[in-house]
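Visitor: Let me begin by handing over the structure; questions about it come next.
The values are calculated or read from the model by the stated rules, or taken from the named source; none is laboratory data. Bear in mind the structure is a predicted one, so any value in this text is a computation, not a measurement. Neighbour counts run over all protein chains shown; Cβ positions are idealised from the backbone, glycine included. The protein model used for the area step is the full one, side chains on, heavy atoms only, and it has no ligands, DNA or RNA in it. Shrake-Rupley method; radii C 1.70, N 1.55, O 1.52, S 1.80 Å.
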Amino acid sequence: MLYSKAPHSAFTDLCNFSNTLFCSFRAATDHISPDGKIVILQLDWQGDIVANNVVRMLNCDLRDPKLSVSADGKLILLFYARHSQPDGTFLYSQPYVCFSQDGASWSSPRAVGQKNHWLWRLRWYGGKALGFAYNRRQQILDLYAGNPLRTFEKLLPEALSQRKHHRGYPNESDIGFDSRGTAYAIVRRDA
């Protein structure tokens, strides 16, 4: 067991950065509680914890952290924040990125993409990141590209959508590249 300090710890990701393993996950009261924080564990190659960090934002439920290494060698943390008023009333959601040069100290969160569009994962190729963001209410999945620490823009609106493809709710996704640079995507769809 890596972590037992929260009643609910889930949505893990694992990344090799500078020959060190980093594991990120959401820690909270339960699956849909408004108190989610992101825990980042630094592990040795035997799986023992050597350091940890926590990312929190005031009046936010942080969800689904994903780790990647940027083209210029930074460790990137992508996560989704559900913003609420102090009384718990939901306001909006927003994807964010943080970066680290060493895995020990992290930058402040930077908003990326559109509000209420869940940017699920970043994959790097040719110096750029690609990622799909979905909006449940609109039943769309848009493709974004660029550097999320600088300029990250919508490349392909409605890559999948109810309106264009007559199948609903495309959401969680991943992208892989073959040796020629052809991108392949896998997308969960709750049609």
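Visitor: For region 161-174, which positions are open to solvent by 40 Å² or more (accessible area, probe 1.4 Å) and over 14 Å from residue 119 (Cα atoms)? Reasoning before the result, please.
Guide: Quick first cut of region 161-174, residues open to solvent by 40 Å² or more (accessible area, probe 1.4 Å) only: 162-167, 172, 174.
Of everything in region 161-174, those that are open to solvent by 40 Å² or more (accessible area, probe 1.4 Å) and over 14 Å from residue 119 (Cα atoms) turn out to be 162, 163, 164, 165, 166, 167.
Visitor: Write out, first by first residue and then by second, each pair whose Cβ atoms fall under 8 Å of each other, whose residues are 6+ apart or on separate chains, and whose first residue, in region 131-143, is under 12 Å from residue 121 (Cβ atoms) and modelled with pLDDT of 95 or more while the second is in a loop (DSSP other than H, G, I, E, B) and basic (Lys, Arg).
Guide: Partner pairs satisfying both residue conditions: 131/121; 132/121.
Visitor: How many residues does region 74-116 contain that are among the hydroxyl-bearing types (Ser, Thr, Tyr), under 24 Å from residue 134 (Cα atoms) and in a strand (DSSP E or B)?
Guide: Residues in region 74-116 being among the hydroxyl-bearing types (Ser, Thr, Tyr), under 24 Å from residue 134 (Cα atoms) and in a strand (DSSP E or B): 5 in total.
Visitor: With more than 28 Å from residue 27 (Cα to Cα) and touching an Asp or Glu at 6+ places or on another chain (Cβ under 9 Å) as the only criterion, which of 170, 157 stands out?
Guide: 157
Visitor: Go through region 1-45 and give me each residue that's part of a strand (DSSP E or B), open to solvent by less than 40 Å² (accessible area, probe 1.4 Å) and within 20 Å of residue 90 (Cα to Cα).
Guide: Across region 1-45, the qualifying residues are 26, 27, 28, 38.
Visitor: Within region 104-136, which residues are on the phi > 0 side of the Ramachandran plot and surrounded by fewer than 20 Cβ atoms within 10 Å (Cβ to Cβ)?
Guide: 116, 126, 127
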